[in-house]
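The values are calculated or read from the model by the stated rules, or taken from the named source; none is laboratory data. None of these values were measured; they are calculated from a predicted model. Note: ideal-geometry Cβ built from the backbone for every residue, glycine included; neighbour counts use all protein chains shown. SASA here: full protein model, heavy atoms, side chains in, ligands and nucleic acids out. Shrake-Rupley method; radii C 1.70, N 1.55, O 1.52, S 1.80 Å.
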2 protein chains.
Amino acid sequence: MAFANDKLEDSTRPARPQDAGNPVVVEVTRGNMVESAHRAAFAVTDTAGKVVLHAGEIERPVYARSAIKPIQALALVESGAAEAFELGDAEIALACASHGGEPRHVETVERWLARIDCSVDDLECGPQLPSNESAMIELIAGGREPSALHNNCSGKHSGFLTFARHMGHPTAGYIKFEHPVQQSVLGILESMTGCDLGNAPRGIDGCGIPTIGIPLGNMALAMARLADPSDQPDRRQAAAQRIRRAMAAEPFMVAGNGRFCTQAMELTGEKAQIKTGAEGVYCAALPELGLGVALKVDDGAGRAAESLMAQLLVRLGVLSQSQAESLIPPILNRAGRHVGALRAASDSAF
Amino acid sequence: MAFANDKLEDSTRPARPQDAGNPVVVEVTRGNMVESAHRAAFAVTDTAGKVVLHAGEIERPVYARSAIKPIQALALVESGAAEAFELGDAEIALACASHGGEPRHVETVERWLARIDCSVDDLECGPQLPSNESAMIELIAGGREPSALHNNCSGKHSGFLTFARHMGHPTAGYIKFEHPVQQSVLGILESMTGCDLGNAPRGIDGCGIPTIGIPLGNMALAMARLADPSDQPDRRQAAAQRIRRAMAAEPFMVAGNGRFCTQAMELTGEKAQIKTGAEGVYCAALPELGLGVALKVDDGAGRAAESLMAQLLVRLGVLSQSQAESLIPPILNRAGRHVGALRAASDSAF
C-alpha cells in the first residue's frame, strides 16, 4: 500500500536493506533495557579495493551525501583553482565541511566568496538555520535571519563557485547535474570509486547538488585512494595530500564545536580524515594504514553512524577505547540526568 | 566491544530487535532509490486482548515513553482531581500532551499551575526549548530563556501536581518512582495493560518520570480499554471518556501546529485518539472499533512511526488514503525542492 505521493522517476525494484539483513551494530539503552537498535553495513578497503573488514551488504548503492565532500573537493584543488585564489587550510577544510553555521564558518565563507568575486547571492544551496545550537540562538536573538552562508554546505558550494571561476564556467546553475562543475565532480567520483556511475541511482541532495548511489565498497576505495594516493596521477596525489592536510589542520572548519568529526579529528590528528553524511553515512581516510572506511546505517540515524565510526576507529587502532568513549556521550534527560547510552551491539564482533 | 561507559543496573541479556527481525515497514526514497529503511513491530488488539492485526515481535517489552500519556492521565481524572480543580478540555488534553511549547500551550500550563497553588518552580521536568520552530524563534528573538513551562511534558507534569494536591501528597519529588503519584500511575498502567510490571524493565524518561517496559500487545490492550472502557469500573469508564473527549476537542493541545497527532486527530475527530512517544513509539485508541494500536520503530525514528501509524489508520478504516498522504509530507531540500518521500515498504501487506 504505497501511499506516499512520490513523483519519482520510475526504476526497477531497488534493493532494500531488508533483503540484506544488515547486522545490528548499535544499541541504545535506557535503564536496564535496550530501547532501540540500529542496523548498518560498512566496508574497509585498501587502495587496491581489497576488503579488509566489512559487515552487511556493501555492494548495494548508497547515497554518500556529504560523506564524500573530501573527494568532491579534489576538483577545487587539482584544477589549480584553490591555488589560483590562494585558498588556505580554512577554506579547503570548509570545502569538505558540513559546518555548524558558527560565526567563524560563516565569516570565512563570506570573505572567500568576496575573493572570488561572488557573494551569498551566488550560492544555490538555500538558507538554513545554523545546526550549532549556540550559533542558532545567537543569530535569532540578534534579530537576524539565516542565509545561504549559514547552510552547512556553503563551504562546499563556495568551492564549486571557485572552480567555476577558475575554469571560466558560468556560475549560474552550478548545482545542476548537467553543469560542467557537477560533471567534473562526477568524473572524479567515477575515477576514485572505480565505478561507472552513468546509470547509478541518483537523487538530489539537501543542498541541491546531485547525490549518486555508490556501493560502500567503492566508497571505501575512494577514501583509501584519498588516504594513499600513490597510485594516482601526480596532480591528484598533491590535491589529496592538500585536502588531508587542511582537514587535519582545521578540524573545526569541517564541522564545528561539539561535533563528532571535529572532536574525532582533534584526537586522531593526521591519522584520520573523517566525514559525516546525512542519512547515517560516514567515511574516513586513514593515511598511515592506506585504508578507506565507508558505512551506512540502514535507518539513517546519525547517532548510530557516529557510534559505529567510533567502534571502527578503535578496531583499526586509530583511537583508543577511552578516546572513543569520550566521543559518544551518555544520554541525558532534560534535567541533565544520565538515563541511557549508545553502545556497540552486545554480540557484534569485528 | 561494548565501550559506552554505561553505569546501568545489571540485567540478564535483554532481547533485542535483532533477535526478532522485525519487518521493514517504511522506506525513505530519494530520487530513484530507497535511501533508508525502518523496521518496526505493531499490535492492534480488542478489549479482550485478542490481537486482530500485528507484525513483528509484540511480546518484547518496549518503553512506551509519552505514547501512554492518555493512560497515565486516568489518575488525574478518575481520582476526582480534574473535577475538583475544574479542569477543562484544554488542561486534560495538555495532561496527555507532548506539546510544541507554543504560546497557548505555555500560557495554559502557567494558569493551570496557579490554580492549583503551584508555579513553574514546582515542575521537575526541566527546561526545554519549544519543539515548535516558530515558537522557539519567537522565544529567543524576544530575549527569553526557555523554562520548564516550555518542556513538552509540562502538561503531564501539571497533571501529576494536580493529582498530588488533590490527594494531599507532597508535591516535591513527584517524578520519583517511589512517590505516591508515580506509584498510582504505575498501578493504573498495570491494570490497563494487564501486565504485572513489578519486574518490568525500567528507565528514566526524558522528563524525569519512570518509563516502564511493556509489550506492544499489552500497550495496545491498554489503548483498547481506553477506547472502549465498558468492561472497566465506573469511575474509570467516566475518566476514559473524559480523556478521549478532551483530546478530540483540543487536538492542538495534545501536540501543536504541524504535528502529526494534532493533524491526524483533526481529520479523525472522535474516531481516534492518537499519541506519539519518543524513540519511535505511537499509540492510538479507536473508540468506534473498540481497538487499541501500539507500534514501535526498532531504531526509534519518529518519521517512520508517523508513516506507519498513518498506514495503520488507513488499514483500519479510520483515515482515507488521501488523508494519510496529507499527513506525511514529501521530503524537501533546503531550497524547497521535492527530493524524496516516506512510503510504505513496497512489499508490506497488512
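A few points about this structure:
- Note on segment A:266-307: residues that are within 11 Å of chain B (Cβ to nearest Cβ) and either in a loop (DSSP other than H, G, I, E, B) or over 13 Å from the mean Cα position of the chain (by Cα) (or both) total 11.
- Scanning segment A:40-62 for residues that are in a strand (DSSP E or B), within 14 Å of another protein chain (Cβ to nearest Cβ) and open to solvent by 30 Å² or more (accessible area, probe 1.4 Å) yields a count of 1.
- All of A:P287, A:P251, A:P233 fail the test of being in contact with a Ser or Thr (Cβ under 8 Å, 6 or more places away or on another chain) and of a type outside the set (S, T, N, Q), apart from A:P251.
- Residue match in segment A:256-265 (condition: part of a helix (DSSP H, G or I) and open to solvent by 30 Å² or more (accessible area, probe 1.4 Å)): yes
- Yes/no for B:A200 being touching a residue at least 24 places away in the same chain (Cβ under 8 Å), among the hydrophobic types (A, V, I, L, M, F, W, C) and surrounded by fewer than 24 Cβ atoms within 10 Å (Cβ to Cβ): yes
- Annotation note: Cβ proximity below 8 Å between a residue of segment A:314-341 that is more than 8 Å from chain B (Cβ to nearest Cβ) and a residue that is among the aromatic types (F, W, Y) and not in a loop (DSSP other than H, G, I, E, B) (sequence gap 6+ or interchain) occurs for A:L327/A:F260.
- Scanning segment A:111-148 for residues that are within 22 Å of the chain's Cα centre (by Cα) and of a type in the set (D, E, K, R) yields A:E124, A:E133.
- Any hit, segment A:275-287, residues being open to solvent by 60 Å² or more (accessible area, probe 1.4 Å) and more than 27 Å from A:T108 (Cα to Cα): no
- Under the condition of being open to solvent by 10 Å² or more (accessible area, probe 1.4 Å), in a helix (DSSP H, G or I) and free of Cβ contacts under 8 Å to residues at least 24 places away in the same chain, the residues counted in segment A:161-189 number 3.
- Selection status of B:A310, open to solvent by less than 30 Å² (accessible area, probe 1.4 Å) and either assigned to a loop (DSSP other than H, G, I, E, B) or more than 7 Å from every other protein chain (Cβ to nearest Cβ) (or both): yes
- Of note, B:L221 satisfies the criterion of being touching a residue at least 24 places away in the same chain (Cβ under 8 Å) and touching a Ser or Thr at 6+ places or on another chain (Cβ under 6 Å).
- Residues located in segment B:253-288, provided they are of a type in the set (D, E) and under 22 Å from B:E102 (Cβ atoms): B:E266
- Exclusive hit being part of a helix (DSSP H, G or I) and touching an Asp or Glu at 6+ places or on another chain (Cβ under 8 Å), set B:A37, B:A93: B:A93
- Qualifying position, being open to solvent by less than 20 Å² (accessible area, probe 1.4 Å) and either assigned to a loop (DSSP other than H, G, I, E, B) or on the phi < 0 side of the Ramachandran plot (or both), among B:A220, B:A238: B:A220
- Residues in segment A:320-350 that are part of a loop (DSSP other than H, G, I, E, B), open to solvent by less than 60 Å² (accessible area, probe 1.4 Å), closer than 23 Å to A:T268 by Cα and not polar (S, T, N, Q): 2 in all.
- Note on segment A:203-217: among residues that are open to solvent by less than 10 Å² (accessible area, probe 1.4 Å) and of a type in the set (V, I, T), the one that is nearest to A:G56 (Cα to Cα) is A:I214.
- Filtering segment A:73-98 to residues that are buried (at least 24 other Cβ atoms within 10 Å of the Cβ) and polar (S, T, N, Q) leaves only A:S98.
- Some residue of segment B:296-305 being without any contact (Cβ under 8 Å) to a residue 24 or more places away in the chain and open to solvent by 10 Å² or more (accessible area, probe 1.4 Å): yes
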